[in-house]
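This report refers to the structure that appears directly beneath it.
The values are calculated or read from the model by the stated rules, or taken from the named source; none is laboratory data. Worth saying up front: this structure is predicted, and the values here are computed from it rather than measured. Cβ: placed from backbone, ideal geometry, glycine included. Neighbour counts: every protein chain shown.
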Amino acid sequence: MKKLFVLTLIILFTNLSLLFAQDSIKKINAVRIINPPKIDAVLDDECWKNVIPAKDFIQLRPYNGDKASHPTEVKIAYDDKAIYIAAMLYDSYPDSIMKQYTPRDGFGSTDMFGVYIDPFNNGINAFGFFVTPVNVQIDMKGQENGPEDENWDAVWKSETQIVDSGWIVEYKIPYSALRFPKKDIQKWGLNIFRNIERYGENSTWNFIDREKQGWITQQGELNGIENVSPPLRLSITPYISTYVENNAENSSWTNFYRGGLDLKYGINQSYTLDMMLVPDFGQVQSDEVILNLSPYEIFYDEKRQFFTESTELFERANIFYSRRIGGRPDNFWDPYDNLEENEDVVKNPAITQLINTTKVTGRSPKGLAVGFLNGMTINTYATIRDSVTNIERKELTQPFTNYNVLVFDKNLKNNSYASIINTNLSRFEDEYYANVTGTELSLFNKKKTYQVFAKGALSQIWDNVPNPELGFYSHLNFSKTSGQFRFSLNNRIESDTYNPNDMGFQRRNNEISSRLRFSYNIFKPFWRLLSMYNNISFGYSQLYKPKVYTSSFISLNSFMRFKNQYSWGFYLGLDPYETHDYFEPRVDGRFYIEPISQRLYTWMSTDDRKKLMLDIELGLSFPNSYNQKSYEINLEPSFRPNDRLLLSFETNFENSINDIGYVDNTEMADTIYFGRRNRVDIENTIETRYIFNENMSLNLKLRHYWSTVKYNQYYTLNMDGTLTDENEFRGTDDINFNYFTIDLGFRWIFAPGSELSLVWKNSIFTYTDEIVENYFNNLQKTLDSPQTNSISLRILYYIDYLYFKKKS
């Protein structure tokens, strides 16, 4: 009985100790050293012997709050030039450590170690430095109020090795890779992360409670760094590239050269200037183009590094879409409409040429963030040739254009913030100016359990007129942001004249919508599950002008991750009332009544730690009229035969039967024609990646998208939104649409921050009214069509001012 009593006390004391340890902020002291270690992951340097390590890691997942399964010890030292980190990651089975090779900044099925450093210790932003057991570097910038910026790159040094007791990591992070205040005694935020992939286990040095809002604010503290000064941050990265190209309009091959540079300058300890002179984005991966029959523009992700790195500030108020800068000319299609007899368009650039781009970003010690971005494009012309006389003329598709973005963002109490942002476009030759000013506000209570979030914007457009066209939008959201049970209630208003699309992206305006969402999440394992996320949402929408009903919906989502690392989820959607679609008719004031419909989607993923993985998605939709239905199947098997090679294939099949949509209208828009059509979309993608070592990789992506549209019946749209059979309308042609691309790239990081890249890009585009019934016959016809090829070699070299200062 006495032994049982003592054992109970020990268990109780242990649990209470762990609980109090989780609630407190851990602290570690960095030790100043005279002789820096050799970065070789051996850890026999004299400087490491007397450094007290950070240890006692706690699980983030799967068992949030439990002790980590394997011990980790991390030592931190510093001198006048850099921070040094040494980590011993113990593992009882070192031969089982997962170590998949990936390109730099690539995530895979691998163990991982990393630190997040918050030099201002404000819980807003942090710099992340991660490595895998094969020394693949992954650096990113974390932000408390948004996603991690995985495109942020720094120049730092690391080395790893696997030993009998686990694996070892050693870092050197120069101060030039960080932004920190200029003061004698530093107090930095710090958290340390470890991932043991075969267990699906993530652990952290300072406990992160998954039921609480935020993760940077749940960091520990790094002390002991004294009398270090922020260095002059100045680097240039000149580049030279050469291209050999041919295109579908002209079968002959041409070659040309480009050169420019990227300059980065630390204005002070907080703000950084980044300027690109004569940018070259010719090696950016091809877009996944699709056939668009909707009244809305398709959104394509930004892939140009200058516009993806350190650009989180410019996302405030959702009024900036960086692809507007250097994108397709505004009057790209005009030359085809203005052709005279015997004329052909022989050259029509699909993108405008950037002269330079400039960016200033950063946040001061007092929490004021500033972002400024400017870009300028030169005149863009299409070349038109008379096939009889061979005389050529040029037609302007976009004049010189200046783009500006300016944003201010201020930290407030409780990890809240307030910001204001402005975008401005000027085309002086056209006397066209577009100006949008927005604001965004996020307020948390002291415990960060509730949030009020608001944003809004005012758009102004001058198009050869003295008075601008004005429009606005507003968004207000109140939510519970922590705990297992959460909710949110929001309202959004967009006026009928709100238009941010010269520099932003807005699918549509003239809408008032309200949403209510309840969610219940389980973060700790139970039964056969590791975690579970569930939510139910309700929505109602109407036009802003006139204020009439448009749509409503109810949806249910659930996602589950199982203990065997499989995951499964589903979505159920219901439109309980008819939808009045005022956008599909393409004529103001007219609407089409869409029937009540039901939707079901489900998806499953197998264990991604295995050599063979499979993702499956199934979707069904059943509108209640015209015998409409659609179904979608997506399969994505991936095979990893070894740690260096990854093969994946994705196929997507979508069949929309008796789909109803806009076809055409008369010149006076008094008659609007709709069509009932069968649409089939097939998309196949093959991706192969081979990693020679942590600095050298080969990537292939091959994609073929095929869409066919066959019209069965035509209708006229009535004033009450219904349809009447139309038998005299000639109709429109059927559609056979193909887009085929190949992106093959070799990348070699031959020195820190420097790289050589060799890229081949191939694209084929066809659009005809003759539907090919057989997939392989269609593919052969596509491959036999005119194509565009681009082979390019680019070399960029990183030059750091501090390196030459040290040499002098």
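Please state which of the following conditions LYS366 fails to meet, knowing it meets all the rest: (1) surrounded by 15 or more Cβ atoms within 10 Å (Cβ to Cβ); (2) modelled with pLDDT under 90.
(1)
Would it be correct to say that ARG730 is basic (Lys, Arg), farther than 23 Å from PHE583 by Cα and buried (at least 16 other Cβ atoms within 10 Å of the Cβ)?
No; evaluated as a whole, the condition is false for this residue.
Among the residues of region 615-642, count how many are in a strand (DSSP E or B), buried (at least 16 other Cβ atoms within 10 Å of the Cβ) and not small (Gly, Ala, Ser).
Going through region 615-642 one residue at a time, the tally reaches 6.
With the requirement that a residue be surrounded by fewer than 16 Cβ atoms within 10 Å (Cβ to Cβ), within 30 Å of LEU723 (Cβ to Cβ) and either at pLDDT below 95 or in contact with a Ser or Thr (Cβ under 9 Å, 6 or more places away or on another chain) (or both), what does region 647-662 give you?
Residue satisfying the conditions is ASN655 alone.
Filter region 563-590 down to the residues that are in contact with a Leu (Cβ under 6 Å, 6 or more places away or on another chain) and assigned to a strand (DSSP E or B) and list them by number.
LEU572
Looking only at region 751-787, which residues are assigned to a helix (DSSP H, G or I) and of a type in the set (A, V, I, L, M, F, W, C)?
If the condition is that a residue be assigned to a helix (DSSP H, G or I) and of a type in the set (A, V, I, L, M, F, W, C), then PHE776, LEU779, LEU783 are the ones that fit.
How many residues are surrounded by 18 or more Cβ atoms within 10 Å (Cβ to Cβ) and closer than 22 Å to ALA434 by Cα if we restrict to region 285-314?
Of the residues in region 285-314, 4 are surrounded by 18 or more Cβ atoms within 10 Å (Cβ to Cβ) and closer than 22 Å to ALA434 by Cα.
Being touching a strand residue (DSSP E or B) at 6+ places or on another chain (Cβ under 9 Å) and farther than 15 Å from ALA54 by Cα narrows it down to one residue among ASN223, ASN202; which is it?
On inspection, the qualifying residue turns out to be ASN202.
Scan region 445-453 and give yes if some residue there is without any contact (Cβ under 8 Å) to a residue 40 or more places away in the chain, hydroxyl-bearing (Ser, Thr, Tyr) and within 30 Å of ASP209 (Cα to Cα), otherwise no.
Within region 445-453, one or more residues are without any contact (Cβ under 8 Å) to a residue 40 or more places away in the chain, hydroxyl-bearing (Ser, Thr, Tyr) and within 30 Å of ASP209 (Cα to Cα).
Conditions first: (1) in a strand (DSSP E or B); (2) among the hydrophobic types (A, V, I, L, M, F, W, C); (3) surrounded by fewer than 23 Cβ atoms within 10 Å (Cβ to Cβ). TRP152 passes all but one, so which condition is the exception?
(1)
So which residues in region 383-403 are over 30 Å from GLU340 (Cα atoms) and surrounded by fewer than 18 Cβ atoms within 10 Å (Cβ to Cβ), if there are any at all?
Answer for region 383-403, where residues must be over 30 Å from GLU340 (Cα atoms) and surrounded by fewer than 18 Cβ atoms within 10 Å (Cβ to Cβ): just ASN402.
Do you know which residues across region 414-436 are free of Cβ contacts under 8 Å to residues at least 40 places away in the same chain, over 13 Å from LEU368 (Cα atoms) and out of contact with any Pro (no Cβ under 7 Å at 6 or more places or on another chain)?
Within region 414-436, ASN414, ASN422, SER426, PHE428, GLU431, TYR432, TYR433, ASN435 meet the criteria.
Output the residues belonging to region 544-565 that are out of contact with any Pro (no Cβ under 7 Å at 6 or more places or on another chain), surrounded by 15 or more Cβ atoms within 10 Å (Cβ to Cβ) and either over 19 Å from PHE487 (Cα atoms) or not hydrophobic (A, V, I, L, M, F, W, C) (or both).
Correct list: TYR544, THR550, SER551, SER555, ASN557, SER558, MET560, ARG561, PHE562, GLN565.
Kindly provide the set of residues from region 522-562 that are in a loop (DSSP other than H, G, I, E, B), in contact (Cβ under 8 Å) with a residue 24 or more places away in the chain, more than 27 Å from the chain's Cα centre (by Cα) and more than 30 Å from ASN510 (Cβ to Cβ), ordered by number.
LYS524, PRO525, ARG528
Could you tell me which residue of region 262-316 is farthest from LYS701 (Cα to Cα), considering only residues that are assigned to a helix (DSSP H, G or I) and either among the aliphatic types (A, V, I, L, M) or free of Cβ contacts under 8 Å to residues at least 60 places away in the same chain (or both)?
LEU313
Quick one: in region 685-694, which of the residues that are at pLDDT 95 or above and buried (at least 17 other Cβ atoms within 10 Å of the Cβ) is farthest from VAL289 (Cα to Cα)?
That would be ILE691.
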